Every structure is written in structure tokens, then in C-alpha cells.
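Here is the structure we will look at.
The values are calculated or read from the model by the stated rules, or taken from the named source; none is laboratory data. Given the structure is predicted, the values throughout are model-derived calculations rather than measurements. Positions of Cβ are backbone-derived with ideal geometry, glycine not excepted, and every protein chain shown enters the neighbour counts. These accessible areas exclude ligands, DNA and RNA; they are computed on the full protein's heavy atoms, side chains included. Shrake-Rupley method; radii C 1.70, N 1.55, O 1.52, S 1.80 Å.
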Amino acid sequence: MKLTDLTIAQAKNLLLKKEISATDLTKAYIDNMEKYKILNAYVTETPELALSQAKVADENIALGKARVLEGIPMAIKDLFCTKGVRTTASSKMLENFVPEYESTVSDKLLKAGITMLGKTSLDEFAMGSTNLTSYFGEVKNPYKRNGEDLVPGGSSGGSASAVASGQAMAATGSDTGGSIRQPSSFCGLVGIKPTYGRASRYGIVAFASSLDVPGVIARTVEDNALLLNVISGQDDKDPTTAPRAVPDFTKVLGESIKGLKIGIPTEYKSDKLNPDVQKAWDNMAKNLESLGAEVIEVSLPLTKFSLPVYYIIAPAEASSNLARYDGVKYGYRTEKPFHSLDEMYELTRTEGFGAEVKKRLLIGSTILTEEFYERSYLKALKTRRLICNDFDEVFKKVDVILTPSTTGAAFSKNDSLSPLDVYLNDIYTVGASLAGLPAISVPVGYDKNGLPLGLQVIGRKFDEETIFKFAHHIEAISKFDNTPSKVMGE
Ligand code: GLN
């Protein structure tokens with residue numbers, strides 16, 4: 001088997017048995033990074049760093065002191081600050097920003113022994129669903145539609161493209177309204193957004209603080225569980241992390257779902273839904289039923305408001321978070337002459353931000369003006385509360401909610417989609433984001449063009465274990481083959 005076709009669980013095993021070395025494993029990924037540059041998954045590659053970490057990993061393994069992810073080659077989304085390694089958020093604004101500190105999530109992964117291959121591309125400041133808005137150019141999906149290039153999804157598109165093409169064994173992602181689940185679905189991968197507060201946001205470039213959640217993208221449910229074990233936990237540096245014990249998420253894999261209840265939200269059935277997704281969704285519900293789970297139709301009546309609410313709250317928070325990029329302390333500053341501080345701000349921000357970010361900042365700051373605050377922002381906050389209440393009600397009756405991850409498969413930038421159509425893509429993911437619930441996307445099959453489709457399992461707050469249990473069965477039923485060499489047609 002090719003080294004870059006191994007899952008984390010398989011590689012861990014072979015590394016410990018010394019049948020493979022961390023150095024050879026890391027080198028194999030570096031070779032693939034060279035080979036598949038055309039996908040543009042990475043903003044910054046760090047092969048020397050990865051190799052020096054691999055050397056340490058091999059030494060630790062030889063001494064019998066292997067850490068839990070010793071020698072596992074990973075990519076880090078370029079939204080996570082990495083000490084001494086450029087962190088751009090895919091923006092010109094941070095093109096030359098080298099952090100002096102490490103995000104908690106990447107720190108935990110590094111301390112667990114990963115080798116860091118590089119920083120993966122994203123939609124600028126994580127705003128988008130296509131990875132077309134990166135200052136460093138668009139990222140391509142390893143899957144094509146009759147030869148045509150497709151988007152990998154976003155914002156964690158670089159992470160998903162890298163993992164699907166065998167340029168990293170796994171990658172971090174961040175999910176504000178779907179940015180882990182949607183690209184995972186588009187690239188045939190498993191991606192989890194844990195409960196808000198399960199993992200620390202410290203050191204992640206902020207987009208919308210009440211929604212941003214770090215998580216992971218990998219090929220299997222087991223790999224997701226292994227990684228979530230490492231990145232979770234309360235963090236003194238992020239007061240919104242919860243003082244909750246972190247269970248071993250791998251323990252529940254394989255456990256029966258007999259007697260557990262699955263909710264299917266009536267409002268998620270839509271004529272916008274690709275019929276192939278509908279079919280996969282129906283079939284999976286039946287299959288899970290045959291394993292002893294009970295399928296119940298449930299109602300989330302405010303679903304139609306979740307997108308508008310998201311697209312008010314997220315830009316409002318973004319406009320406040322991104323106010324820090326003013327050309328004074330760090331990041332880009334205009335090179336043009338200026339005659340006042342205001343002019344310097346204006347030029348810096350006009351030149352430093354891309355169009356999508358500017359649009360959102362304009363929307364966000366308008367929403368927060370005295371004129372609009374009450375009728376838009378405040379109303380959105382109240383509606384968000386009601387959306388949370390709807391989920392609470394449903395979770396009195398069921399253990400998980402099963403939904404599509406997206407309305408269809410990956411699209412092409414040449415498909416005639418309006419910006420609104422692209423926003424609509426998030427319809428199934430934003431609900432769990434607004435309510436802070438854990439949710440996982442699992443690949444379940446293909447559409448008529450041979451493109452991956454994913455289903456989402458949403459759980460109760462801090463009940464990642466039950467969604468993992470279901471995800472593992474879904475994976476076993478679907479037998480989706482995301483072996484990178486096969487995906488890349490090698
Ligand atoms: N696609 C959504 C947006 O554009 C979600 C992005 C995200 O989760 N970071 O805002």
C-alpha cells in the first residue's frame with residue numbers, strides 16, 4: 001500500500017511496529033505536495049520543518065516514547081496562528097504576518113507529535129464556501145466533473161483538497177457556518193465541527209467569535225475521533241471553552257445504535273435539494289433503522305430564518321473583529337502616500353481586503369449602526385435564541401438529527417450561481433452553528449456525475465460521542481472509498 005493511502009489509525013500502528021518510519025511517511029507526503037501543486041491547496045509549505053519533526057518522531061518511537069500522534073503528517077488551515085510560520089488567513093492583509101505564538105489547537109497537535117507539512121488555503125478570512133476568494137488563488141477540488149475543474153468548497157477548501165489528494169493525512173479546519181462540513185462533503189471526506197466550547201479558539205484568526213469552532217478533516221470517522229481527542233479541552237486562554245471532561249471518542253466506535261432515535265427535519269426537505277442527495281438521505285435513514293434505530297420526523301420551524309440570521313450575525317461580528325487590521329500594529333499598510341490617519345486606514349483596508357471581505361464588513365458595520373441595530377442585529381439575536389430552542393425541543397425526542405450536508409455536489413466556478421445561490425449552499429450547516437451543536441459530515445456516495453455526497457449528523461451539546469457512533473455506522477454502510485491514489489487516478 002502507498003504510504004499516502006494510509007489512514008491515521010493504520011499509520012500509527014505501522015509506525016509503532018517500526019514497519020514504516022515517520023521520515024519516509026513525511027517524505028511521501030512532501031512528494032505528493034510537489035506532484036499536486038496544481039490543486040493549490042497550500043499557501044505555505046514547510047517541508048524542512050516537517051522533516052525535522054519526523055526525525056524527532058522516529059527517535060521517540062525508537063525510544064518507546066511515542067506520543068499519541070507521533071509522526072502523523074498533517075496540514076494546518078492557514079487561519080491557525082503557528083509560531084514562526086507565516087499565517088495569512090489567505091489575505092493580502094496578513095501576507096507577511098509571522099505570529100509569535102501558537103494557536104492552542106496546533107500547539108496540542110504538535111505536542112502530540114504531528115509533523116506539520118504546511119498551511120492550507122481558505123476563503124479570505126474564512127468567508128466563503130468556494131475557496132475562490134483566497135488572495136493566493138483558487139483551490140481546486142481533486143474530483144472533476146467530466147474533466148471540468150470544481151471548487152473544493154470552503155472556507156477550509158485547502159485542507160479538504162490536501163487531504164483528499166494525499167497531500168496530508170488530515171488537516172485542521174474551522175467552521176463558522178459550515179466551513180468544515182461543506183468542503184468535507186465536496187471532497188469525499190469526514191469532517192467534524194465539535195460543540196462550541198469543546199476546543200479552544202485561542203490563536204485562530206477571528207471571523208465571527210460566537211460561531212467560530214475549530215475542528216478537523218480526515219478520511220475516516222476513527223481518524224476524526226483520534227484528532228478530536230487531542231484538540232479538545234478547556235483552555236485558560238479561551239474563556240468560552242467549557243470545563244468539560246474530554247472522553248476518549250474512539251471508545252464508542254462500533255457501539256450499537258439500537259433503540260436510539262434519529263430525527264429527520266421536515267423543513268430540510270426542499271425542492272432545491274439534488275435528488276441524488278435526497279435518495280442517499282432516504283436510504284441511509286432506512287439502513288440505520290434496520291440496525292435498530294428509530295427514525296422520527298421532527299420539525300425545526302424556524303429553519304427558513306437560519307440563513308438570514310447567520311448572514312446578519314456573522315458579518316456584524318466580523319466587522320468588529322476585523323477592525324484591528326488598520327495598518328498600525330501589524331499586517332499590511334498602504335504604500336501610497338497619505339495625509340491623515342483616516343486616509344492611511346482607508347487606503348490600507350481598501351488595498352488589503354478582497355471584495356467578499358469588504359462586502360461583509362460593509363454589511364456588518366451597517367447592521368451595527370444606530371439606524372439598523374434594533375431591527376436587524378437585535379432581531380437576529382432573538383431569532384437565534386428561538387432557533388436554539390427549536391433544537392432543544394427536538395433533542396427532547398431524538399438523540400441525533402440526520403440531514404444532508406449540502407444541497408448537492410461540488411460545483412464549478414463557471415456554473416451560473418448567484419452570490420445568493422452560494423449562500424444558500426449553507427442551508428443545512430448554519431443551524432448547528434447558530435445553536436453551537438456538534439455536527440459531522442460523512443461521505444455516503446456519489447451523484448450522477450461521480451461526485452461525492454455527504455450526510456450530516458447533528459447531536460446534542462457536548463454529545464460528540466453519539467454522533468461518532470452514528471457516523472461510524474454510516475461509514476460502514478456506505479463503504480465510500482476515498483483512497484487518495486484512487487481519487488487522483490494513479
Ligand atoms: N460559507 C459560510 C460563509 O461564507 C461559512 C464560512 C465558515 O464557516 N467559515 O460565511
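So what is the accessible area of segment 410-476 per residue, in Å², with the probe set to 1.4 Å?
I get 31 Å² per residue for segment 410-476.
At Ser418 and Lys37, where each label point lies 7 Å from the Cα along Cα→Cβ, what is the point-to-point distance in nanometres?
So the two model labels end up 4.1 nm from each other.
Where does each of Thr403, Thr240 land when they are ordered by accessible area, with a 1.4 Å probe and the largest first?
Highest to lowest solvent-accessible surface, that is Thr240, Thr403.
What value does the chain have for Rg/Rh, both radii from Cα atoms and Rh as Kirkwood defines it?
Expressed as Rg/Rh, it is 0.95.
By a straight-distance test (C-alpha under 16 Å), which aspartates and glutamates pair with Lys92 as possible cross-link partners, with residues fewer than eight away in the same chain excluded?
Once the sequence-local aspartates and glutamates are set aside, what remains near Lys92 is Asp78, Asp123, Glu124, Glu138, Asp326, Glu335, Glu346, Glu351, Glu356.
Please give the per residue accessible area of segment 181-306, computed with a probe of 1.4 Å over protein heavy atoms only, in Å².
Roughly 38 Å² per residue, with all protein chains present.
Could you compute the FRET efficiency for Lys397 and Asn13, with r as their C-beta to C-beta distance and R0 at 35 Å, rounded to 0.05?
So, using R0 = 35 Å, E works out to roughly 0.30.
Once you charge only the Cβ atoms, +1 for Lys and Arg and -1 for Asp and Glu, what is the size of the charge dipole of the chain about its Cα centre, to the nearest 20 debye?
Dipole magnitude for the chain comes out near 500 debye.
May I ask for the distance between the Cα centers of segment 89-123 and segment 463-479, given as a whole number of Å?
Their Cα centres are 29 Å away from one another.
What do the square roots of 5 times the Cα gyration tensor eigenvalues come to for segment 177-223, in whole Å, largest first, as semi-axes of the equivalent ellipsoid?
After diagonalising the Cα gyration tensor, the semi-axes are 20, 12, 8 Å.
I'd like the FRET efficiency for Ser210 and Thr369, computed as 1/(1 + (r/R0)^6) with the beta carbon distance as r and R0 of 25 Å, rounded to 0.05.
0.80
Cα gyration tensor of segment 378-490, axes a ≥ b ≥ c as square roots of the eigenvalues: rounded (a/c below 1.5), prolate (a/b > b/c) or oblate?
Cα axes put segment 378-490 in the oblate bin.
Using a 1.4 angstrom probe, figure out how much accessible area segment 314-374 has per residue, in square angstrom, rounded to the nearest whole.
Using a 1.4 Å probe on heavy atoms only, each residue of segment 314-374 averages 58 Å².
Could you sort Lys92, Lys448 by accessible area so the largest value comes first, with the probe set to 1.4 Å?
I get Lys448, Lys92, largest accessible area first.
Could you order the peptides 384-396, 181-193, 20-32 from most to least packed, using the average number of other C-beta atoms within 10 Å per residue?
Ranking, from highest mean packing down: 181-193, 20-32, 384-396.
Could you work out what % of the accessible surface of segment 190-316 is carbon and sulfur, using a 1.4 angstrom probe and leaving DNA, RNA and ligands out of the count?
Carbon and sulfur together cover 52 percent of it.
What does the extension gain come out to for Ala242 and Phe338, with contour length at 0.36 nm per residue minus their alpha carbon separation?
Result for the pair: 30.0 nm of gain on full extension.
Measuring from centroid to centroid over Cα atoms, what is the spacing of segment 197-259 and segment 380-406 in Å?
If you average the Cα positions of each part, the centres end up 20 Å apart.
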